[in-house]
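Report on the structure given below.
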Amino acid sequence: MANPVLVEVTRGDVVESRHRGMVVVVDGDGKVVFEAGDIEHPVFPRSSCKAMQALPLMESGAAEAYGFGNKELALACSSHSGEDGHAVLARAMIRAAGRDEDTLECGAHWSFQQPILIEQASHGPKPGQLYNNCSGKHAGFICACCHTGTDTKGYVGYDHPLQAEIRGIMESLTGSILGHDNCGVDGCSIPTYASPLKGLAHGFAKMTTGVGLEPIRSKSAKRLMQACMAEPWYVAGTNRACTALMQAAPGRIFAKTGAEGVFVAALPEQGLAMAMKCDDGATRAAESMVAATLARFFKGEPEVQGRLLAMANSEMRNWNGIKVGDVRATAAFA
């Protein structure tokens, strides 16, 4: 069965492209409150699950030992744009553990955001690993290893103790069995595991509500998500969807993107979390999907809902600023 069309892209008054996908919203008990598409289909969460992967940093005591606050914790959960402020903070985190950039095993790349890439190319040498969009997460990995006396060499590998710990955490949160059979390698070289979309959403619902979690995990999970909501720029960057979504209702929306059209979000006040996947991996569609889903839960707050709907339904303009069409969420979200 094909997933429903969740986002349409028009040119003039004609639909030019259609994006199919799946979305699910659950509470802390795993009860589904909204769904579209095959929510049991396995997906790679990619970077959307970074708050789960940051739990060893908290639970080991490393974050407290190194004096990390909201900015550092947000960066540990981030897919940042490689702006200077992101790289500077990632360096400071690693140095707090007595290490340097050479300890990173995430690789280096230019920023994925065109304006920042142009600035990087114009004003400096090719960016190093600190500018990798995952450097904050990897800084958190290194700090967790150093604090517990675990060798950092090969920390990205499937068999490394840190990755084994993360695998266990994600199994517990999502209710999925994770192993070699459903494992791939992420862009930053760590393992990524395909599991049902519903399980991914339920994992974040547990994190935001604490339902079914031991006290230390509940406290750590809530602390990470609070930090992200307090410092959304460090989660993503300038003019990024995650930043804008969390700024739409400060302290009330947690949102995190992942590659290939994945998104997760949570509403702590309502005890809900959601996950979605655009079948073709299109970022523009995934951003529309998450904004439209979030808007459903702010019907009593027109101002907040309006901000979210404006993100779900946006104009497309050409290089001369002329409107050429729209990206719009379909009636599946009504």
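The values are calculated or read from the model by the stated rules, or taken from the named source; none is laboratory data. Bear in mind the structure is a predicted one, so any value in this text is a computation, not a measurement. Virtual Cβ from ideal backbone geometry, glycine too; neighbours counted across all protein chains shown. Keep in mind that these areas ignore ligands, DNA and RNA; they rest on the heavy atoms of the full protein, side chains included. Shrake-Rupley method; radii C 1.70, N 1.55, O 1.52, S 1.80 Å.
Key figures
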| item | result |
| --- | --- |
| Dipole of the chain, positive direction: furthest Cα of Gly184, Ala87, His160, with charges on the beta-carbon | Ala87 |
| Whether the stretch 1-148 is rounded, prolate or oblate, judged on the alpha carbon gyration tensor where a/c under 1.5 counts as rounded | oblate |
| Euclidean distance of C-alpha centroids, the stretch 253-321 and the stretch 149-203, integer Å | 26 Å |
| Residues of the stretch 1-78: accessible area per residue with a 1.4 Å probe, Å² | 40 Å² |
| log10 of Debye I(q)/I(0), alpha-carbon scatterers only, for the chain at 0.07 Å⁻¹ | -0.27 |
| Model label zone, Ala194; criterion: amide N under 19 Å from point 7 Å along Cα-to-beta-carbon; scope the stretch 20-47 | 20-24, 37-47 |
| Relative counts (whole %) of C-alpha pair distances in the stretch 175-334, using bins that are 5 Å wide | 2, 9, 15, 20, 21, 16, 10, 5, 2, 1, 0, 0 |
| Ratio Rg/Rh [Cα only; Rh per Kirkwood] for the stretch 156-216 | 0.99 |
| Rounded to 10°, Cα long-axis angle of helix 302-312 versus longest principal axis of the chain | 90 degrees |
| Using θ = phi - 60° and Karplus 6.51 cos²θ - 1.76 cosθ + 1.60, couplings along the stretch 214-231 (whole Hz; Gly, Pro as x) | 5, x, 5, 6, 4, 5, 5, 5, 5, 5, 5, 5, 5, 4, 4, 5, 6, 10 |
| Point-charge dipole on Cβ atoms (K/R +1, D/E -1) for the stretch 19-146, about Cα centre, debye to 20 | 240 debye |
| Of all accessible heavy-atom area on the stretch 142-240, the percent that carbon and sulfur account for (1.4 Å) | 50 percent |
| GNM flexibility winner over the chain from His180, His123, His202 (Cα, springs under 10 Å) | His123 |
| With at most 13 neighbouring Cβ atoms within 10 Å, loop trypsin sites (Lys or Arg not before Pro) (DSSP) excluded, longest segment of the chain | 154-298 |
| Gaussian network model of the chain, Cα within-10 Å springs - most flexible of Tyr155, Tyr66, Tyr131 | Tyr66 |
| Set Lys126/Lys222; Lys31/Lys256; Lys198/Lys323; Lys71/Lys323; Lys126/Lys219 screened for pairs whose C-alpha atoms are more than 29 Å apart | Lys126/Lys222; Lys198/Lys323; Lys71/Lys323; Lys126/Lys219 |
| Compactness of the stretch 106-239, expressed as Rg and Dmax over alpha-carbon positions, Å | 16.8, 51 |
| Listed residues Ala334, Cys143, Ser47: farthest to the positive end of the dipole of the chain (Cβ charges) | Ala334 |
| Mean shadow area of the stretch 68-172 over all directions, Cα convex hull, nm² | 7.0 nm² |
